[in-house]
1. Suppose R0 equals 22 Å; then what is the FRET efficiency for residue 246 and residue 115 from their Cβ-Cβ distance, rounded to the nearest 0.05?
2. With a Förster radius of 22 Å, plug the Cβ-Cβ distance of residue 96 and residue 144 into 1/(1 + (r/R0)^6) and report the FRET value to the nearest 0.05.
3. I'd like the Karplus ³J(HN,Hα) series for the stretch 152-158: coefficients 6.51, -1.76, 1.60, θ = phi - 60°, whole numbers in Hz, and an x wherever there's a Gly or Pro.
4. Given the whole protein assembly as supplied and a 1.4 Å probe, what does the accessible area of residue 215 come to in Å², nearest 10?
5. If you roll a 1.4 Å probe over the chain with all protein chains in place, what percent of the accessible area is carbon or sulfur?
6. What FRET efficiency do you get for residue 129 and residue 203 if R0 is 35 Å and r is their Cβ-Cβ distance, rounded to the nearest 0.05?
7. Kirkwood Rh over Cα pairs of the chain into Stokes-Einstein at 10 °C, 1.306 mPa s: D in µm²/s?
8. Residue by residue through the stretch 92-108, which ³J(HN,Hα) values in whole Hz follow from phi under the Karplus form 6.51 cos²θ - 1.76 cosθ + 1.60 (θ = phi - 60°), with glycine and proline marked x?
Amino acid sequence: MHATQEEAPSSVSSEEIARFSALADKWWDPTGPMRPLHAMNGLRIEWASRHLPLRGRKSRRPHVLDIGCGAGLASEALAKAGYDVVGLDASANGIAAAQAHLAANPLPAGSGTLHYRQGSAEELVAEHAIFDAVMALEIIEHVTDPEAFMVMLAQLVEANGTVIVSTMNRTLRSLAVGKIGAEYLLRLLPVGTHEWRKFIQPSELGRYARAAGLRMVAISGMAPSIGGWKETRDLGINYIAAFKKD
């Protein structure tokens, strides 16, 4: 059943959407409140591209869903990398900012296509939408039920399709660095961006995935370094994982 305006879909936290909606007009500022996402975006897209399908089953280019796309940082980068992308977010402000940025900065020749949509994963599941790959970058720690969210990701990808999730590990280091350090000491993120208790350990993510019929095929840590973020074996704070639907 579709949610009404008064009742948010189950994966969507109204509090989280309000928080990120308030930042929508600053999303594309690389020195603004989303600067950590700008800094890590190149690594996220490069890593994901190594694990995304080279061809789509129904089209020349793979059809990729970017869930929780915000104002479109990853969506635009994926389209520029040659994928046909649908960027989905529950925030009207975020989608408006994404559309405005795309209108002012058209994709270069040779890119894939890019379309934005305001809505929820539940709505796409109800429509029986299917994609070659589904991306959920820095979003699962903000949903109301991460286990149920993984089930929806699996429902939205075709057989042998790819699901890619990036998030933060629930460790003492992530509490010190990703929460206290980033929000309160260095002010890299607005206070309240993350709730440490909602961070997800790789073992938990793997368990949710297996219950959803997804098989983990790769996992890497992500860490800031001089000149940008780098891939690492250290999963203690940020990490990214790829799954296949058998």
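1. Details: r = 29 Å, r/R0 = 1.31.
The calculated FRET efficiency here is 0.15.
2. Details: r = 24 Å, r/R0 = 1.08.
Working from the Cβ atoms, E equals 0.40.
3. So the J values, rounded to whole Hz, are 5, 4, 5, 5, 8, 10, 6.
4. About 110 Å², rounded to the nearest 10.
5. 55 percent
6. Numbers: r = 30 Å, r/R0 = 0.86.
It comes to 0.70.
7. Values: Rh = 18.0 Å.
D, rounded to a whole number, is 88 µm²/s.
8. Karplus-based 3J(HN,Hα) across the stretch 92-108 equals 5, 5, x, 5, 4, 5, 5, 5, 5, 5, 5, 5, 7, 9, x, 5, x Hz.
The values are calculated or read from the model by the stated rules, or taken from the named source; none is laboratory data. All values reported here derive from a predicted model rather than from experimental measurement. Quick reminder, even Gly has a Cβ in these numbers, built from the backbone with ideal geometry, and neighbours come from all protein chains shown. SASA here: full protein model, heavy atoms, side chains in, ligands and nucleic acids out. Shrake-Rupley method; radii C 1.70, N 1.55, O 1.52, S 1.80 Å.
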